[in-house]
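Peer 1: Got a structure for you, written out below as structure tokens; questions coming shortly.
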Amino acid sequence: MTNTESSRLENINAAAIKELIQAEGIDLVGIADAQNLILAYPPRPATDLMPTAKSVIVMAVAHSLGSVYAPDIMLWTRSKMQTSRLLDETAEKVGRMLEHEGFLTLPISADKPVEIFKNNPKTGKKFRQTRTVGFLSLKHAAVSCGMGEIGKNNLLLTPEFGPHQRLCAIITEATLDPDLRQDFDLCDGCNKCVAACPSGALKPDRFDVDPCFVYWSLGLKRLLPVRFWEWPGYIRMIRQHMKRRDVLVESGQIYITDVDFCIECMRACPVGERWKNIRPKTFPFQKSGGTG
Ligand code: B12
Ligand code: SF4
Ligand code: SF4
């Protein structure tokens, strides 16, 4: 190794990487040991994506709180896309820099793609509702590096922003000093998120992914029926929706500004030190999908 090469490698350390990332406008950065990630279910090891991975750099950008409490979720969705853009651009930039220094590096986007599961891999049986899962669980990576905890709303809560941040990660071969996991006690179990959830996905003791998926993606409060006696109620619901919704115009808008029909579990949560003075005290339920 030449002298110049070894001095460049010395600059690749946790503090320097964090400083570089924060200079790009990222609010929170943490580093997890790739071999020691909390895996969740189904397990999402970083080493499945890169067997030689040493570190996972986790980044968070706070949402615009004005958009979180805007009257229509489409305003938030557009703003959310910009947080994703900032995160993804930074991940690409840092990824390229690390590869120039000789470390294989993989950015994991704040947005899609996701793996799609129609069948349960354990039993081979068809799921009632298709499930989607990220290539890496960003929430679990964030907990692994002491950025926050997972609240009753099933979201990452940080002391700074509560649930109001978007996440992104970079998997790399570079060995960087990891941050330690921490206990926070941010979620006091107030159940405001449970009360706010329009689909019933959030229960006091669990999160059911299927009703959330159907509400988040289509704004529907019922799953597709599996028994004949469920059909009349389902058809009534669809007819009610068709009175005010225009699927064609809506689809065009959704494909341009991404899909999101709900963030009520995020809006309801009072955690987040930085927002204490500007978080509205009252806020009506957010309208969805630009429909009147
Ligand atoms: C897929 C996905 C969804 C899906 C499924 C959610 C889910 N929990 O699985 C849907 C569309 C429903 C969804 C909804 C929401 N999401 Co989402 N989502 C993701 C994504 C892309 C992957 C999540 C994931 O795979 N996690 C890994 C699994 C292992 O962990 P898990 O989520 O705890 O576990 C669930 C699954 O395993 C599933 N499950 C259970 N058994 C099985 C079996 C099989 C075979 C499969 C496939 C799945 C499955 O159910 C579990 C929950 O019970 C992440 C980004 C990422 N790459 O991490 C964003 C992410 C988690 N979402 C986010 C947000 C904000 C939301 C929403 C508020 C919607 C919105 N408008 O943005 C809601 C919140 C719902 C909630 N309270 O959890 C943020 C969270 C930020 C934060 N502060 O924590 C993330 C991190 C995106 C980001 N870049 O910031 N999401
Ligand atoms: S995104 Fe909406 S439907 Fe899904 S858990 Fe949160 S509040 Fe419930
Ligand atoms: S709203 Fe209350 S119960 Fe739900 S995550 Fe936030 S603090 Fe926890």
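The values are calculated or read from the model by the stated rules, or taken from the named source; none is laboratory data. This structure is a prediction, so every number in the text was calculated from the model and none was measured. Quick reminder, even Gly has a Cβ in these numbers, built from the backbone with ideal geometry, and neighbours come from all protein chains shown.
Peer 1: Based on this model, can you work out whether THR257 counts as away from ligand 1 (no atom under 16 Å from the Cβ) and among the β-branched types (Val, Ile, Thr)?
Peer 2: no
Peer 1: Something else about it: Which residue is nearest to ILE254 (Cα to Cα), if the candidates are limited to the range 185-228 and must be in contact with a helix residue (DSSP H, G or I) (Cβ under 6 Å, 6 or more places away or on another chain), part of a loop (DSSP other than H, G, I, E, B) and of a type in the set (A, V, I, L, M, F, W, C)?
Peer 2: Taking the candidates together, the pick is LEU220.
Peer 1: Further question on the same structure: When you go through THR105, THR90 one by one, which is the residue that is within 18 Å of MET50 (Cβ to Cβ), away from ligand 1 (no atom under 12 Å from the Cβ) and surrounded by 16 or more Cβ atoms within 10 Å (Cβ to Cβ)? Break it down into steps so the answer makes sense when it comes.
Peer 2: On the way: THR90 fails: within 18 Å of MET50 (Cβ to Cβ).
Exactly one residue qualifies, and that residue is THR105.
Peer 1: Of the residues that sit in the range 237-271 and are closer than 18 Å to THR83 by Cβ and modelled with pLDDT of 90 or more, which one is nearest to ligand 3 (Cβ to nearest atom)?
Peer 2: Filtering the range 237-271 for residues that are closer than 18 Å to THR83 by Cβ and modelled with pLDDT of 90 or more, the one nearest to ligand 3 (Cβ to nearest atom) comes out as CYS269.
Peer 1: Tell me, yes or no, whether the range 163-179 has at least one residue that is within 17 Å of the chain's Cα centre (by Cα), at pLDDT 95 or above and either among the charged types (D, E, K, R) or away from ligand 1 (no atom under 14 Å from the Cβ) (or both).
Peer 2: Yes.
Peer 1: I need a count of the residues in the range 121-164 that are touching a helix residue (DSSP H, G or I) at 6+ places or on another chain (Cβ under 7 Å), among the charged types (D, E, K, R) and surrounded by 17 or more Cβ atoms within 10 Å (Cβ to Cβ).
Peer 2: 4
Peer 1: Okay, next question. Yes or no: PRO232 in contact with a helix residue (DSSP H, G or I) (Cβ under 6 Å, 6 or more places away or on another chain) and away from ligand 1 (no atom under 11 Å from the Cβ)? Give the steps one after another, and end with the answer.
Peer 2: Numbers: in contact with a helix residue (DSSP H, G or I) (Cβ under 6 Å, 6 or more places away or on another chain): no; away from ligand 1 (no atom under 11 Å from the Cβ): yes.
When the stated conditions are applied, PRO232 does not pass them.
Peer 1: Something else now. Hey, among the residues in the range 96-113 that are within 24 Å of the chain's Cα centre (by Cα) and at pLDDT 95 or above, which one's farthest from VAL214 (Cα to Cα)? Reasoning before the result, please.
Peer 2: Taking the range 96-113 first, the residues within 24 Å of the chain's Cα centre (by Cα) are 96, 105-113.
Next, only the ones that are at pLDDT 95 or above stay: 96, 105-110.
Values: ARG96: 37, THR105: 34, LEU106: 31, PRO107: 28, ILE108: 25, SER109: 23, ALA110: 21 Å.
Filtering first and then ranking leaves ARG96.
Peer 1: Out of everything in the range 124-177 that is within 25 Å of GLY200 (Cβ to Cβ) and among the polar types (S, T, N, Q), what residue ends up being nearest to ligand 3 (Cβ to nearest atom)?
Peer 2: Top of the filtered list is ASN153.
Peer 1: Can you name the condition, by its number, that ARG274 falls short on among (1) within 16 Å of ligand 3 (Cβ to nearest atom); (2) touching a Pro at 6+ places or on another chain (Cβ under 7 Å)?
Peer 2: So ARG274 meets the others, but not (2).
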